[in-house]
Each structure stands twice: as structure tokens, then as C-alpha cells.
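Let me begin by presenting the structure, written as C-alpha cells, before commenting on it.
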Amino acid sequence: MKKRAKLFSIGEISRHTGASIRSLRYYEKLKILEPAYIDPDSDYRYYSYNQTNLIGIIMCCVDLDIPLKKLCTYIDKSEEIDLIRLLRHGKEIAQKKLKKLQNGLKFIEDFEQEIKMADKYHKGQEIYSRELPEKKFYTKPYKQSFEDADLSELVKPFLNIEFMEENPYEFSEYGYMCEYSPSGIQRYAFIELPKHIAKEGTKIIPAGAYMCRHGEVNQIEQAPNIFREYLEGKTSFLAIESEIFTGKYKMDKPLYEMRVIALH
């Protein structure tokens, strides 16, 4: 009776830690947290106060998706818990999850910024000027006209490139690109690369003031005519067309932004 008086019932420890009674019984079944005392007559479970911190560690491991059965590997035959090794393992997983969450948050913020920009410049068939930073595009040559090209088919070769595995939340522009010069037209499908990625087939797209126009269909082959006034007297220029996302996005009818810039 004296021993039990210093302990807490399973209901009390459940309310104090937030761990359900069912969870506490499961921890006991796995032998990762056994009660400090079991009443032989009533079979009631009792816990000591210092076990609340252990319960906190277990709950943290659950939140970090560490399998509870794996916790048994940190308990030796004498029922001693290697807390340092367990906490280091938990810290490593927490840091990975934190990085993933930070990348996800940045992706949301970048996506939101792109939507705001698209909404700001969405003026139907009007041509407008837009300042854009330097970008890095990973390209695949395309020998035919883009007139009847399917963008979803063109970007398929990019789906399994390794940088996507590194950070699946990276916001990447993708679409069509034409390089016009006196010697002819070079056509490419492209996807934007993070700045730290180096890959064969990469093209640096210059920063500057681009002339742009929105449209509901692929019109990149018409760029010389659409931007005739701006391109007058210019023999070398770059035309880019990519899908953009507006605040009200139609899944079956995406919007495109076409932009051109003269090359020196």
C-alpha cells in the first residue's frame, strides 16, 4: 500500500502526459514501458512520476514515425535504456523532417508568389513588360514544330531526374523554348533547375525585361508575329512559353505565359 501511495494510476498518468490508456497498455505489451507496480489483487497499473519523461520520449518517437518495435533495440537484457543512442536517432530523424517541412513551406511561399505575379500581369491578350531574374533551364532538343506539341509529353523525360528526389518541393518552371538567330531556330522542352544543380544540357536564361503575353493555347511558334513591334530589327532573340498558375486555376484549361527577350 505504501508503494502504491507514491505512484500514479494509469488514468492519472494518461491525463498528465496525454498518452491514451490504450497506448500505455500497448507500450507495456512491447516492453518499452512497464508499470512501476501492478496490484496483484486488482491488476491495476501504477506509474512513477519519473516515467512521464520516458512517456514523452516514446510519444515523440511516435510523432517522428520511429516504429515502436524499434525502440526495443535500445533496451538491453537488464532492461536498461540506451537513452543517448535513442535521442540521437530521434534528433537525426527530427532534423530530416524539419528540413522537409522547411522545404515544403518555401515551396508554398514560392508558389504563392508565382500566383500573385500571374494575377498581377493577367491582362488577356495585352502585351506587357516583366522583369525576370536569371534562370537555369535543363533542356531537351525538339526538332519538330511546337504547333501541335503536347506539353505533358514533352516534360516526361524530366520526371525522373535526380534533383527532384533531393527536394520534391522545389518550384520549377517548365515549358517550351525557341532560340531564334540568323542561322535558324533551335527548339527545346525545358524544366527549371535549382541554382546549385549542374547538369549537361543546362542553359542559363538571362535576367532582364521580357515582353510577355498570356494565352490559353500554345502559341510560341507565333512569337515573331505577336511581338513584331518589339522584335523589329532584332535578329537574335529568345522565346519562352510556360504554364502558369493563377488564383483561380482551371485544371482542364491551363493558362500560358509567352515571353521574349532580345539576345546581344
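Using a 10 Å cut-off around each Cβ, can you sort Glu114, Glu221, Glu200 from fewest to most neighbouring Cβ atoms?
Numbers: Glu114 15, Glu221 19, Glu200 5.
By the 10 Å Cβ count, ascending, the order reads Glu200, Glu114, Glu221.
Full extension of the chain segment joining Ile127 with Glu112 gains 3.1 nm, where the gain is 0.36 nm per residue of separation less the Cα-Cα distance.
Roughly speaking, what % of Cα-Cα pairs in the stretch 17-107 are separated by over 19 Å, rounded to a whole number? If you can, show how the numbers build up before the last one.
Numbers: 1901 of 4095 pairs.
So the portion of pairs separated by more than 19 Å is 46 percent.
Ranked by how many other Cβ atoms sit within 10 Å of their own Cβ, fewest first, the residues Thr52, Thr73 fall in the order Thr73, Thr52.
Residues in the stretch 178-192 carry Karplus couplings, in order, of 10, 9, 9, 8, x, 8, x, 10, 10, 9, 9, 8, 9, 9, 6 Hz; the curve used is 6.51 cos²θ - 1.76 cosθ + 1.60 with θ = phi - 60°, and Gly or Pro positions show x.
By count of other Cβ within 10 Å, fewest leading, how are Asp148, Asp63, Asp41 ordered? Let's see the in-between values first.
Values: Asp148 8, Asp63 12, Asp41 5.
Ascending Cβ contact count within 10 Å gives the list Asp41, Asp148, Asp63.
Every number in this text was worked out from the coordinates using simple rules, so none of it is lab data. Just so it is clear, the structure is predicted and the values come from calculations on it, not from any experiment. No Cβ is skipped: glycine too gets one built from the backbone with ideal geometry, and neighbour counts run over all protein chains shown.
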